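Q: Supplied in structure tokens, the structure appears directly below.
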Amino acid sequence: MSNPLFQQHIISISDLTRAQLELIITTAEQLKHAAKHDALKNKVIASCFFEPSTRTRLSFETAIQRLGGTVIGFDSGTNTSLGKKGETLSDSIRIISSYADAVIIRHPKEGAARLASEFSSVPIINGGDGSNQHPTQTLLDLFSIYECQQRLDNLNIAFVGDLKYGRTVHSLAQALSLFNCQFQFLSPSALAMPDYILAELNERHVNFQTCNNFEEIIPQADIIYMTRVQKERFDETEYQHIAAKYILGKAQLTNPKSNMKILHPLPRVDEIDVAVDETRYAYYFEQAKNGVYAREALLSLVLNQSLVKG
Amino acid sequence: MANKLMVEAIRTGTVIDHIPSGQGIKILKQLHLIEGKQKITVGFNLPSKNFSFKDLIKVENRLFSEHEAYQLALFAPSATINVIEDYKVIDKFKMVIPDAIEGIFSCPNSNCISLTEPVKSYFSVKQTNNAIFLKCKYCEKSFNKEIVAGV
């Protein structure tokens with residue numbers, strides 16, 4: 001199998017082509033159903049979390065261990081001598097990349113992963129850099145959509161909640177724009193999708209519309225991608241009024257398509273009522289589980305020229 | 001005499017001509033021209049064949065670097081640079097908006113890693129309609145050129 005991702009840095013979802021995204025998704029599907037695989041045997045992977053992110057770190061480390069690899073690293077920048085001694089990130093990465101076969105980096109500053117890739121002798125995987133990019137979240141979102149719809153083309157995707165600050169919705173919209181999907185946006189006006197994302201969608205001739213309530217989106221949606229409206233962005237009274245409009249409960253789920261699924265990057269607070277969990281439409285916990293398989297696929301492809309079946 | 005521009009000729013240096021009216025003051029500031037010791041002659045709102053009015057800057061004993069020409073291109077893409085020696089124009093070139101600008105402007109995003117690490121800033125330049133946007137290679141944020149240049 002030809003593998004264009006071998007020894008490549010994975011920094012931004014916009015760096016990946018449609019063919020590369022499809023390769024990662026089909027590999028994730030194979031690995032999810034494989035009994036055992038040792039694609040990372042004899043590989044040492046550095047997990048460098050300069051800020052805490054429990055689910056991302058644990059899913060990466062699970063993926064590495066399930067494929068027979070070894071993890072080194074740290075889970076908080078403040079616990080390391082790197083932060084305390086004031087070493088630059090570029091120097092840290094020069095050293096760490098000489099120890100490991102690949103480096104996963106999570107960093108509070110935007111652009112940290114791109115910068116790391118310029119100083120690393122091994123592939124850098126971006127585990128989230130500030131409010132910029134979190135490409136492996138998008139990969140697991142894409143894999144989950146593919147898994148529950150059996151395709152990525154020609155889907156109606158509704159994005160709900162905080163579309164302004166949510167990097168997950170930005171990256172997912174950018175990635176899905178390669179697959180002829182249509183988008184509906186439902187958010188408070190203060191948290192609408194940023195103009196630069198809308199400009200990109202227009203450039204790619206993506207069909208999208210802004211909606212006012214769940215009734216407008218539910219009958220036609222294949223996927224409803226929920227995100228959290230953060231309390232701190234509004235005063236208390238305003239928040240109560242706004243949040244009620246963007247909370248998805250069982251009552252809103254009238255007349256959905258039979259294939260419709262609800263996704264959420266998690267953690268949720270109250271934007272999806274727990275009563276929705278028991279419906280056939282809830283897919284967010286399976287989506288979170290898919291984080292391991294998407295990351296297994298990515299690491300396998302980056303570190304193996306060709307994959308041996310497990 | 002009535003038709004002559006009252007802007008003194010220079011023996012050696014650079015003349016930036018055909019600057020859109022109003023941009024000359026920005027160029028003086030952006031290129032830090034008035035902070036140096038060289039003699040500068042400026043003309044604002046001068047009559048122009050191409051525009052109704054133009055600005056013009058003459059800087060004695062100084063040739064512009066490639067970096068400065070890039071900055072100039074962002075603010076006055078229609079300007080021309082004339083290289084003067086012994087009162088004669090020995091070279092003349094038009095501004096071209098570059099595809100990328102490296103190592104000149106700092107990223108306006110205070111949380112961008114490029115501000116705290118030993119790397120050169122790098123922006124790709126994109127023109128949409130009449131606006132020019134600069135996208136930082138590191139934080140991937142796009143900014144209007146005026147925000148990046150701090151004018």
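We did not get these values from a lab; they are worked out from the coordinates using the rules stated. Keep in mind that what you see is a predicted model, and the values were worked out from it rather than measured. Here the Cβ positions follow ideal geometry from the backbone for every residue, glycine too, while neighbour counts run over all protein chains shown.
Q: Any idea what angle helix A:54-66 forms with the longest principal axis of chain A, computed on alpha-carbon atoms, 0 to 90 degrees, nearest 10?
A: Helix A:54-66 sits at roughly 50 degrees to that axis.
Q: So for chain B, what are the equivalent ellipsoid semi-axes in whole Å, largest first, each being the square root of 5 times an eigenvalue of the Cα gyration tensor?
A: Details: eigenvalues 194, 56, 32 Å².
So the equivalent ellipsoid measures 31, 17, 13 Å along its semi-axes.
Q: So what's the net charge close to A:I13: Lys and Arg +1, Asp and Glu -1, counting the other residues with Cβ under 11 Å from its Cβ? All intermediate terms of the calculation are to be shown ahead of the outcome.
A: On the way: positive: A:R167; negative: A:D15, A:D141, B:E140.
My count for the surroundings of A:I13 gives -2.
Q: Run the numbers on region B:13-94 and let me know its relative contact order in percent, using alpha-carbon pairs under 8 Å that are six or more apart. Please report the intermediate quantities before stating the final value.
A: On the way: 144 pairs, mean separation 33.3, N = 82.
So the answer I get is 41 percent.
Q: Any chance you could list P(r) for region B:13-94, counting all Cα-Cα pairs in 10 angstrom bins from zero, rounded to whole %?
A: Whole-percent P(r) values from 0 Å outward: 19, 57, 24, 0.
Q: Return the calculated 222 nm mean residue ellipticity for chain A, to the nearest 500 deg cm²/dmol, obtained by summing -39500 (n - 2.57) across DSSP H runs with n ≥ 4 and dividing by the residue count. Write down the numbers at each step before the final one.
A: Values: 11 runs with 120 residues, N = 310.
Computed mean residue ellipticity for chain A: -11500 deg cm²/dmol.
Q: Still on this structure, please answer the following. Could you compute Rg(Cα) / (2.2 N^0.38 Å) for the protein assembly as shown, with N its residue count?
A: Working: Rg = 27.0 Å, N = 461, 2.2 N^0.38 = 22.6 Å.
Its radius of gyration relative to the 2.2 N^0.38 Å reference: 1.19.
Q: Considering only Cα-Cα distances, which of the following residue pairs are longer than 21 Å: A:K36/A:K289; B:K120/B:K141; A:K164/B:K141; B:K26/B:K58; A:K289/B:K141?
A: A:K289/B:K141
Q: Counting alpha carbon pairs within less than 8 Å and at least 6 residues apart, what relative contact order, in whole percent, applies to chain B?
A: Values: 275 pairs, mean separation 31.4, N = 151.
Answer for chain B is 21 percent.
Q: Show me the ranking of peptides A:220-227, A:12-19 by mean Cβ neighbours inside 10 Å, starting with the highest. Present the calculation step by step, with values, prior to reporting the outcome.
A: Values: A:220-227: 23.0, A:12-19: 16.1.
For the peptides A:220-227, A:12-19, the packing ranking is A:220-227, A:12-19.
Q: Related question: Counting only other chains, what is the mean number of Cβ atoms within 10 angstrom of the Cβ of each residue in peptide B:130-141?
A: Values: counts 0, 0, 0, 2, 0, 1, 4, 4, 11, 11, 10, 5.
Other-chain Cβ atoms within 10 Å of each residue's Cβ, averaged: 4.
Q: Region A:136-288: Rg/Rh from Cα coordinates, Kirkwood Rh? It would help to have the intermediate numbers written out before the result.
A: Values: Rg = 14.3 Å, Rh = 15.4 Å.
So for region A:136-288, dividing Rg by the Kirkwood Rh gives 0.93.
Q: Compute the relative contact order of region B:100-149 as a whole-number percentage, counting only Cα pairs closer than 8 Å that sit 6 or more residues apart in sequence. Present the calculation step by step, with values, prior to reporting the outcome.
A: Values: 76 pairs, mean separation 16.9, N = 50.
Over region B:100-149, the number comes to 34 percent.
Q: Now for a different question. What does the extension gain come out to for A:N207 and A:S131, with contour length at 0.36 nm per residue minus their alpha carbon separation? Could the numbers behind the result be given before it?
A: Details: separation 76, 0.36 × 76 = 27.36 nm, distance 2.57 nm.
Going from the current span to full extension adds 24.8 nm.
Q: Another question, then. Nearest 10 degrees, 0 to 90: what angle lies between the long axis of helix A:135-149 and the longest principal axis of chain A (Cα atoms)?
A: Around 50 degrees separate the two axes.
Q: What does the structure give for B:115-125 when I average, per residue, the other chain Cβ atoms found within 10 Å of the residue Cβ? Can you show the working numbers first?
A: Details: counts 2, 5, 11, 6, 8, 0, 0, 1, 0, 0, 0.
Mean shielding by partner chains, rounded to a whole number: 3.
Q: Tell me the angle of helix B:66-75 to the major Cα principal axis of chain B, expressed in degrees between 0 and 90 and rounded to the nearest ten.
A: Approximately 90 degrees, to the nearest ten.
Q: Hey, another quick one. What are the ³J(HN,Hα) values, in whole Hz, obtained from phi via the Karplus relation 6.51 cos²θ - 1.76 cosθ + 1.60 with θ = phi - 60°, for each residue of region B:34-41 in sequence order, with x given for Gly and Pro?
A: With the stated coefficients, region B:34-41 comes to 7, 7, x, 9, 6, 7, 10, 10 Hz.
Q: While we're here: Averaged across the residues of A:132-143, what count of C-beta atoms belonging to other chains lies within 10 Å of each residue's C-beta? Let's see the in-between values first.
A: Working: counts 9, 2, 0, 0, 0, 0, 0, 0, 0, 0, 0, 0.
The shielding value for this peptide is 1.
Q: Let me ask something additional. Extent of region B:100-149 along each principal axis, from alpha carbon coordinates, in Å, largest to smallest?
A: So the three principal-axis extents are 34, 18, 16 Å.
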